[in-house]
Amino acid sequence: MSWRSDRIWIELIAGSRKTSNFCWAFILFLGSLGFLLVGTSSYFGRNLISLVPSQQIIFFPQGIVMSFYGIAGLFISSYLWCTISWNVGSGYDRFDIKEGIVCIFRWGFPGKNRRIFLRFLMKDIQSIRIEVKEGIYARRALYMEIRGQGSIPLTRTDENLTLREIEQKAAELAYFLRVPIEVF
């Protein structure tokens, strides 16, 4: 989602609160809970889950391994739920021609650097760079080249834009900032 006028361009960046992340966290939670219950039922010798009789699963080594997988899955699931609740990666890009400033803001993980805020002068922007890698793991990314600072990504790593979409986005942004486009 973005908002534009003659002098200001603001683009909102979606974070971790996406349907796919909710689905993966939920599926992982249920699967790991199932592994943990099966491993625990093999230890107690009682059926905690009616689908799998505990007499068929021996505690050593199958029950221990299933319990380990269940605990590991619960840790990974809790990590996913935390990134969703903190909305890691969300933020905005603001390009202000009137003030001559570019502001990039992202939410990170809790702690000292929870707020990631970068500010640059527009005169330091060298170009907008498109990076295209085709093949099995195709990747299309948009970068802003800053003089003396390197490149700053403007698209998410999991944002699957078509070649036409990324070219159009780069052309519009380069025209707005009055800088050239580089293709790699």
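Just the residues that are on the phi < 0 side of the Ramachandran plot, open to solvent by 30 Å² or more (accessible area, probe 1.4 Å) and under 22 Å from the mean Cα position of the chain (by Cα), please, taken from the stretch 146-160.
151, 153, 156, 157, 158, 159, 160
Of the candidates 51, 37, the single residue that is open to solvent by 90 Å² or more (accessible area, probe 1.4 Å) and farther than 30 Å from residue 157 by Cβ is 51. Of all residues in the stretch 69-78, one or more are part of a helix (DSSP H, G or I), hydroxyl-bearing (Ser, Thr, Tyr), in contact with a Ser or Thr (Cβ under 9 Å, 6 or more places away or on another chain) and over 27 Å from residue 156 (Cβ atoms). I'm trying to understand the selection: among the residues of the stretch 1-33, which are among the basic types (Lys, Arg) and more than 12 Å from the chain's Cα centre (by Cα)? Scanning the stretch 1-33 gives 4, 7. When the criteria are applied in full, residue 119 meets the requirement of being open to solvent by 60 Å² or more (accessible area, probe 1.4 Å), free of Cβ contacts under 8 Å to residues at least 40 places away in the same chain and over 17 Å from the mean Cα position of the chain (by Cα). In the stretch 57-68, the residues that are farther than 15 Å from residue 46 by Cα form Cβ pairs under 9 Å with partners that are at pLDDT below 95 and not in a helix (DSSP H, G or I), at six or more places apart or across chains, as follows: 66/57.
Restrict the check to the stretch 29-48 and report whether at least one residue is assigned to a strand (DSSP E or B) and charged (D, E, K, R). No.
Taken over the stretch 161-184, the residue count meeting the criterion of being of a type in the set (Val, Ile, Thr) and more than 22 Å from the chain's Cα centre (by Cα) is 3. Within the span defined as the stretch 66-81, one or more residues are at pLDDT below 95 and open to solvent by 40 Å² or more (accessible area, probe 1.4 Å). Of all residues in the stretch 129-136, none satisfies being among the basic types (Lys, Arg), surrounded by fewer than 17 Cβ atoms within 10 Å (Cβ to Cβ) and touching a helix residue (DSSP H, G or I) at 6+ places or on another chain (Cβ under 6 Å). Please find, among 9, 3, the residue that is part of a strand (DSSP E or B) and buried (at least 18 other Cβ atoms within 10 Å of the Cβ). Just a single option satisfies the conditions, and that option is 9. Here is a check on your reading of the model: is residue 103 free of Cβ contacts under 8 Å to residues at least 24 places away in the same chain, out of contact with any helix residue (DSSP H, G or I) (no Cβ under 9 Å at 6 or more places or on another chain) and open to solvent by less than 20 Å² (accessible area, probe 1.4 Å)? Criteria met by residue 103.
Could you please find all residues in the stretch 12-34 being among the charged types (D, E, K, R) and open to solvent by 60 Å² or more (accessible area, probe 1.4 Å)?
Start the filter on the stretch 12-34 by keeping residues that are among the charged types (D, E, K, R), which leaves 17-18.
Once the filter is applied, which keeps residues that are among the charged types (D, E, K, R) and open to solvent by 60 Å² or more (accessible area, probe 1.4 Å), the stretch 12-34 yields only 17.
The values are calculated or read from the model by the stated rules, or taken from the named source; none is laboratory data. The model shown is predicted, which means the values in this text are computed figures rather than measured ones. Positions of Cβ are generated from backbone atoms using ideal geometry, with glycine treated the same way; all protein chains shown enter the neighbour counts. For accessibility, only protein heavy atoms count, side chains too; no ligands or nucleic acids. Shrake-Rupley method; radii C 1.70, N 1.55, O 1.52, S 1.80 Å.
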